[in-house]
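The values are calculated or read from the model by the stated rules, or taken from the named source; none is laboratory data. Since this is a predicted model, take the numbers as computed values, not measurements. Neighbour counts are summed over all protein chains in view; Cβ atoms, including those assigned to glycine, are modelled from backbone coordinates with ideal geometry. In case anyone asks, the SASA skips ligands and DNA or RNA and just uses the protein heavy atoms, side chains included. Shrake-Rupley method; radii C 1.70, N 1.55, O 1.52, S 1.80 Å.
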Amino acid sequence: MRWRLRALLASTAIGLSAAAYAQSTGPVWDSSQLPESRGTVKQYTLTPRGDVDGVILTDGTEVKLPPHLTAQTVFSIRPGDQVSIRGLRARAVALVDAASITNVTTGRSVVDSGPPDRRDRSQDQPISGRIAAPLHGKRGEVNGALLEDGTVLRLPPPEAERLQDWLRQGQPVSVRGAILDTPLGRVVDVRAIGSSPEQMSELAGARPPRGPADGPDRRAPPPPGFGPPPPPPPRS
């Protein structure tokens, strides 16, 4: 029996590693072929950091999910919902290692495709839009803006204050920076701003694009006033 358990654990680890490696092209495993369990969600289970790492059903079954699916889980599955779970069920305890969980009523599914791929952070792409509203820190300082399509722009604090004219409501703007798409929305770590993708000026203190092989960036940003000159102010 022990060798069977070891073989099962090894094949599961290999499968999860392959799924993580191939995440850029989508899930490679069809979770619908795994055994199905059904039940009603009683509550979430939480990690010490407050992330959701599973749910408990009303019959006491514990369903395990990876914490990086927290956002998808809470948006798709709530206490009281009937769910369909695909995954491996333990023999000795009421426990399911879920590959997917689906809300039976809404049809929304949460699928484990491996750890999130953060490589999108290093992409430096231009985005154009119109400012819906400036965004502020807790002391009232401008630290970014919200575009009309819901995209959040974040700028280095000294630059956000210096470039407030570009972040006024209704102002058309183009930015370039690291884009991060999440289940909660899109955010851009702005590195350049201007009137069009062809006319943008680099921001002082902005982080340069980084690749997966790069280590942590320990360089301190330049002090205010030592960066490149700001782009020409927008026309009113």
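The set of residues from region 67-108 being among the polar types (S, T, N, Q) and in contact with a helix residue (DSSP H, G or I) (Cβ under 7 Å, 6 or more places away or on another chain) comprises SER100, ASN103.
Inside region 83-102, can you point out the residues that are touching a Ser or Thr at 6+ places or on another chain (Cβ under 8 Å) and crowded, with 20+ Cβ neighbours inside 10 Å? Residues satisfying the conditions are VAL83, ILE85, ARG86, GLY87, VAL96, ALA99, SER100, ILE101, THR102. When region 184-197 is limited to residues that are under 25 Å from the mean Cα position of the chain (by Cα) and open to solvent by less than 40 Å² (accessible area, probe 1.4 Å), the one that is farthest from LEU155 (Cα to Cα) turns out to be GLY185. Of all residues in region 105-145, those satisfying the criterion of being in a loop (DSSP other than H, G, I, E, B) and at pLDDT below 90 are ASP112, SER113, GLY114, PRO115, PRO116, ASP117, GLN123, GLY137, LYS138, ARG139, GLY140, GLU141. Does region 31-43 hold any residues that are in a strand (DSSP E or B), modelled with pLDDT under 95 and among the hydroxyl-bearing types (Ser, Thr, Tyr), and which are they? Answer for region 31-43, where residues must be in a strand (DSSP E or B), modelled with pLDDT under 95 and among the hydroxyl-bearing types (Ser, Thr, Tyr): just SER37.
Here is a yes/no grid of residues against (1) at pLDDT below 90; (2) open to solvent by less than 70 Å² (accessible area, probe 1.4 Å); (3) in contact with a strand residue (DSSP E or B) (Cβ under 6 Å, 6 or more places away or on another chain):
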position	(1), (2), (3)
LEU147	no, yes, yes
THR151	no, yes, yes
PRO158	yes, yes, no
GLY170	no, yes, no
GLN199	yes, no, no
GLY205	yes, yes, no
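Looking only at residues that are basic (Lys, Arg) and in a strand (DSSP E or B) in region 146-183, which one is nearest to the chain's Cα centre (by Cα)? Result: ARG154. Restricting the first member to region 167-186 and to residues that are closer than 14 Å to GLU148 by Cα and in contact (Cβ under 8 Å) with a residue 40 or more places away in the chain, and the second to residues that are part of a loop (DSSP other than H, G, I, E, B) and open to solvent by less than 30 Å² (accessible area, probe 1.4 Å), the beta-carbon pairs closer than 6 Å and six or more apart or on different chains are GLN171/PRO234. Right, GLY80: open to solvent by 50 Å² or more (accessible area, probe 1.4 Å), of a type outside the set (Asp, Glu) and within 12 Å of GLY39 (Cβ to Cβ) or not? When the stated conditions are applied, GLY80 passes them.
Here the condition is being open to solvent by 70 Å² or more (accessible area, probe 1.4 Å), among the hydrophobic types (A, V, I, L, M, F, W, C) and modelled with pLDDT of 90 or more; of LEU46, LEU57, it holds for LEU46 alone.
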